[in-house]
Every structure is written in structure tokens, then in C-alpha cells.
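No value in this document is a laboratory result; all are computed from the given coordinates. All figures in this text were calculated on a predicted structure; none of them were measured in a lab. Virtual Cβ from ideal backbone geometry, glycine too; neighbours counted across all protein chains shown.
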Amino acid sequence: MAIKFIKKAEKTSSSDEVNTRKTVSEMLKKIEGGGEEVARSYGKSLDNYSGEIIVSEEVIAHAAEQVPQQLKDDLNFAHDRVRDFAAKQKESITEFEIELSPGLWAGQKLIPVSTAGCYVPGGRYAHVASAIMSITTAKVAGVEKVIACSTPHKKYDGIHPAILYTMNLCGADNILAIGGVQGIASMAFGLFTGSKADILVGPGNKYVAEAKRALYGRAGIDLFAGPTEILIIADETADSKIVAVDLVGQAEHGPDSPVWLVTTSSELAKKVEGQMQALINLLPELQRNAADAAWRDYGEIILCENDEEAAQISDAYGPEHLELHTRNLDWYVSRLRNYGSLFIGEQTTVAFGDKCSGTNHILPTKRASHYTGGLSVHKFIKIVTTQRMTEGANKEVAAITARVSRLEGMEAHARTGDVRLLKYFPNETFRLDP
């Protein structure tokens, strides 16, 4: 490759990982040992909240009164599209049974997990869309009980009203006013509800992501995730302002959000780089500070000689969000392999998927797209197998099982085949050694 870094990131998404893991590990240990009292204590010290953890129906109803009708309409628009897309995903997998040989049937069953824990970020921003992405998808999958939690605020004496309204709209069965590591731990350990989450889903900061990673195995998780990422592939036909605006649009998520531009045009690279700081400076202070740090420490512009090189770089990074601003869109769509969600052409953008267009915004980061996609109904459904057979089918299957088992040195396995052959075919002789 003959790539050239016009701008190189000073940090990576793994920076400061050791300290984060140590902090989260200590918190999880204390919460598991001390239960609800310790979880409340963390909520009080970290979020300055000492109110009720379990949100009552009265509080939910009061929150709904505070949400403007236009926002309710917008949230319903987003909910309908995410729900319909998830329903179509569910249709793509089916139960079946097939006769593999005479008398031997094998099947597939789809069983939703019993309890899902959905984390909805509410710290720096009020992520109502994340409630839609996780809770709605779990409900469409058929999850019996959905527990949702979000960071409470002193200003609202609890969860942001719009988040609370959205959680209820999407069908959360229990809502907990607790965030961060203590929120993840509460859902995993069954605190406040008495129900332990079978799976933990939803985006969050590096501490939330680490808590999910640390608990994986005791509960399932949607995916290993870190700060949000965007990579844009653009050529000389791209609109440099739109490209720059889209990069800034993801940089505002936080100071550790990687933003990458991969381009085959040196002119476009220069134009985009020249606009970034000015666009960042136009943001309100909170967003400006986040975007400024993200672009400074994690922003990259990579110049490639041709489309194939650009595709190789993109696949190596495996970005969470991947936008295409190129002449030959179809070629890239068929060529690219590693990404969380693909946005084809300048008419669409990451923010559309993040907020309301229908695809899920809970997606793999830190190269996890090399082995997994994002959150879908499939994450909430266990695909299990069944088997049944006639006595006659044992004539072949039991004998083969016995011979293979003895070849492997597993005598007890072999004898489970032997005993059936003796019962069903007492007058016949079988070769049972390999």
C-alpha cells in the first residue's frame, strides 16, 4: 500500500484501558457484595441522586406530561420504524424440522431470553433514541421482561422526562433510576427487581462498556463496544462540507470518539481538514469541547491511491459507522466486509440511523465488526436444536456413534449406542469397534 496520513490520531480507543478496568472491577465487586445499599450509595455519590430507584407509574405519567406533543410524534415515528425493521429481521429466521435420514429428525427452535437489561445513556446527552433501539428490539424479539435503567439527574429529580417517556412507550416492564456501572450491576445481579438480566444491552461510556465486558459470561451482552466511531470513504466527487459536517457530527459524542476520513482525493482531504476546526468552533460549549478533543486526539485523514486501497483500510479499521461518498457506490457495497452499519451515498448519514430511520444504532466498535454485527432481534433469541428418531434409525446412528466414540477413547459414550442396539435389535450383530 502507498497510503499517506494527512492527519494521524495521537490516541487509540484502547488508551487508558487498564485504569478503567481496575475501577470497574472494584465497583462490581463492592456492589455484588453489598447489594442494593452499595448500588444506591454509588448513585448518590456519582449522580447526586438519593430518590427512589424503581420508577413508579405516577412518575412516568408526570414525565409524559412534560414532553411536548411534537417530540412525542417524533419518537413515535422513530419507534414505528425501528419496530418494523426489527419485525422483518425476526421473519428472517424460522423454526424448522428436517428428516436427515430415515427416522432421524433434527430441528431448530427459537426461544427469546426471559429477561433483558437495557441501558439507556443519560449523562452528557439525553439519548432517547437508545431507549428505542434496545427496548423496542427486545420486545419485538419476544422477551418476557425488559428492565431499563438510565442515569438520574437532580434537575429532574430522576430520569430525564423524555427518556422516561420513551422507555415507557417502548414497553419497558421495570425502569430503574440508576446509571453507570451501578446501573449495569443492578440489572445483572437482579437488584431492585429480583430478576437477573439474561442479557445486557445498550451503549454507554467506557465504564459502562467495561462493566458489560466484565460481566460477560454471567450474562450475555449485545457486543463489546467502546466510544462511537465513524469512517467516511470519499472520492473527488464528494461534497467536502457534507463530509466534514458528518465527521463533526460523530465527534461531538465525546472526547474519545474516533473520526476517520479515507479518501482517494488529496484535494478533498485538504478541503475537509481545512473546515473541521471552524465547524467545531460553531458548536455550543459542551459539544465543542467534546468534538475538539475527539478530532485532535482521535481524528485521522488517510490518502489512498485507489478504491481497493481505500476498501482495505476501511476493512482493517472495521468502523462502527461507515459512510460512502463516492462515484462507484455499488462497487464498495459489494466489496466491503467489516462495518457495523453502512450508509450509502450522501443522501443518508449516521445521524439518520442513530435517531429514527429504522436500523439499529447499537453497533460494534474497536474492530468488533470483524466478527459481529450490531444489536438485532437475533441477539435476544436463542437458536436451539431438537432431535428425535425412531427405533429403526438407531441401527445406523447408534453403531456409528459407538465406533466414533471408541476411536476418540470415550467408552461411556460408545456404550450409550450399544445399549440401544441390544434393546432394539437383540438378534443382530453389529461392528462396534472402529
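General observations
- Summed residue charge, Cβ within 14 Å of Leu329's Cβ, Lys/Arg positive, Asp/Glu negative: -3
- The alpha carbon centroids of region 71-120 and region 182-231 are separated by 21 Å.
- For region 87-128, the residues whose amide N sits under 16 Å from a probe point set 7 Å from the Cα of Glu396 along the beta carbon direction are 98-106.
- The order of Ser45, Ser25, going from fewest to most other C-beta atoms within 10 Å of their C-beta, is Ser45, Ser25.
- Residue among Thr372, Phe425, Asn19 farthest towards the positive dipole end of the chain, charges placed on Cβ: Phe425
- Dimensions in Å of region 334-432 - Rg and Dmax from alpha carbons: 25.5, 74
- Spin-label model distance (nm) - Leu329 vs Phe352, 7 Å beyond Cα toward Cβ: 0.8
- Cβ-to-Cβ counts within 10 Å put Ser195, Ser266 in ascending order as Ser266, Ser195, the fewest first.
- In a reduced charge model with +1 at each Lys and Arg Cβ and -1 at each Asp and Glu Cβ, region 6-123 shows a dipole moment near 660 debye about its Cα centre.
- Listed candidates (1) 1.07; (2) 0.99; (3) 0.94 - label of the one calculated as Rg/Rh (Cα atoms, Kirkwood Rh): (1)
- Radius of gyration and Dmax over the Cα atoms of region 390-434, both given in Å: 9.6, 28
- Compared with the direct C-alpha span, the chain from Ala278 to Ile111 gains 55.0 nm at full extension, assuming 0.36 nm per residue.
- Span-rule helices in the chain, defined as complete DSSP H runs reaching 18 Å or more along the axis (Cα) with Kyte mean at least -0.5: 266-281, 394-408
- Subset of Lys154/Lys206; Lys241/Lys379; Lys44/Lys145; Lys212/Lys241; Lys88/Lys271; Lys8/Lys206 violating a 30 Å alpha-carbon distance limit: Lys241/Lys379; Lys212/Lys241; Lys88/Lys271
- Distant-in-sequence amide contacts of Glu323, defined by a placed amide H-H separation under 5 Å and a gap of 5 or more residues or a different chain, comprise Leu231, Ile232, Ile233, Phe343.
- Within a Gaussian network of the chain (alpha carbon springs, distance under 10 Å), most fluctuating of Asn205, Asn289, Asn19: Asn19
- Sorted by Cβ density within 10 Å, fewest first, the residues Leu363, Leu46: Leu46, Leu363
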